[in-house]
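The values are calculated or read from the model by the stated rules, or taken from the named source; none is laboratory data. From a predicted model like this one, the values you see are computed outputs, not experimental measurements. Don't worry about glycine lacking a Cβ; one is built from the backbone with ideal geometry, like all the others, and counts go over all protein chains shown. Side chains are part of the model used for accessible areas, which takes the heavy atoms of the whole protein and leaves out ligands, DNA and RNA. Shrake-Rupley method; radii C 1.70, N 1.55, O 1.52, S 1.80 Å.
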Amino acid sequence: MSLVLRNLQRAVPLRRVPLRQRMEAVRSILGVQKFDLGIICVDNKSIQHINRIYRQKNIPTDVLSFPFHENLKAGEIPQPDFPDDYNLGDIFLGVEYIFQQCKENEDYYDILTVTATHGLCHLLGFTHSTEATWQQMYQKEKQVLEELGRCTGARLHPLSRNLF
C-alpha cells in the first residue's frame with residue numbers, strides 16, 4: 001500500500017525523497033508495508049494548533065500521531081476485515097520545531113527519521129505514559145533504528161531515550 005508524504009509548510013527546506021526512502025524501510029522492518037500511512041510535515045503554527053485542539057497543549061511539538069486503529073496493544077499489527085481498513089493512520093511532523101531543536105552535530109534527516117519512527121510506533125499501540133510502557137516503546141524504537149542503521153549506515157537513537 002502507499003506512503004503519502006505531504007509537505008504543507010515553507011518554514012524550513014525539506015527534501016521528501018530521503019525521508020520517504022527511510023520510512024519505507026521502517027515500514028518494512030515493522031512488517032506494515034501493506035498498510036497505508038500518511039506523514040504530513042507542518043510548521044510551528046500548524047502543529048501548535050493541532051496540539052491545542054487534540055492534547056490541550058498550546059505549544060508546538062515534534063510529532064503527533066493519529067491512529068486509524070484504536071486500542072491496539074503495543075506492537076500489535078492490525079488485522080483488518082476490509083481492504084479499506086489497511087490504514088495505519090497519520091503522523092504530523094512539526095518539521096520547523098524539529099529543525100529548531102536539532103543540535104549542531106545532528107543530521108536533520110536523521111532526526112526526522114527518528115521522530116517519524118516514534119510516531120509510527122504510536123500508531124502501532126506503543127505509548128510512554130509509564131516507565132514500563134516507555135521501556136517497551138524504547139526497546140522497539142531501538143530495535144527498528146538499529147536494523148535501519150544496518151541497511152543505511154546511519155547511527156540512529158530512539159527519540160524516547162530520555163523520557164524516564
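Residue-wise HN-Hα couplings along segment 71-88, as the Karplus relation 6.51 cos²θ - 1.76 cosθ + 1.60 with θ = phi - 60° gives them from phi, are 6, 6, 6, 3, x, 6, 8, x, 10, x, 8, 10, x, 5, 8, 7, 9, 8 Hz; Gly and Pro carry x.
Candidate values (i) 14.9, 47; (ii) 17.7, 60; (iii) 27.6, 83 were compared with Rg and Dmax of the Cα atoms in Å computed on the shown model; the agreeing label is (i).
Taking all protein chains as they are arranged and a probe of 1.4 Å, the heavy atoms of TYR54 leave approximately 150 Å² accessible to solvent. Computed with a 1.4 Å probe on the full set of protein chains, the accessible area for ARG52 sits at about 100 Å². Would you kindly state how much longer the chain becomes between LEU8 and ASP107 on full extension, computed as 0.36 nm times their sequence separation minus their alpha carbon distance, in nm to one decimal? 33.5 nm is the gain from fully extending LEU8 to ASP107.
To put it simply, the accessible area of the chain at a 1.4 Å probe is 48 percent carbon and sulfur.
One decimal place: the segment LYS57-ARG150 gains 29.8 nm when fully extended, by the rule 0.36 nm per residue minus the C-alpha distance. Charged side chains reduced to their Cβ positions (Lys and Arg at +1, Asp and Glu at -1) give segment 3-55 a dipole of some 100 debye around its Cα centre.
Contact order, relative form, for the chain: 24 percent (alpha carbon pairs under 8 Å, 6 or more residues apart, mean separation divided by residue count). Exposed loop sites were defined as GluC sites (Glu not before Pro) in DSSP loop states (anything but H, G, I, E or B) carrying at most 15 other C-beta atoms within 10 Å; in the chain the longest segment without such a site runs 1-69. With the cut-off at 1.5 for a/c, could you classify segment 1-89 from its C-alpha gyration tensor as rounded, prolate or oblate? Oblate, because a/c is 1.5 or more while a/b does not exceed b/c. Residue separation of GLN100 and GLN139 scaled by 0.36 nm, minus their Cα-Cα distance, works out to 11.4 nm of gained length. Per residue, the chain exposes 56 Å² of solvent-accessible protein surface, assessed with a 1.4 angstrom probe and all protein chains in place.
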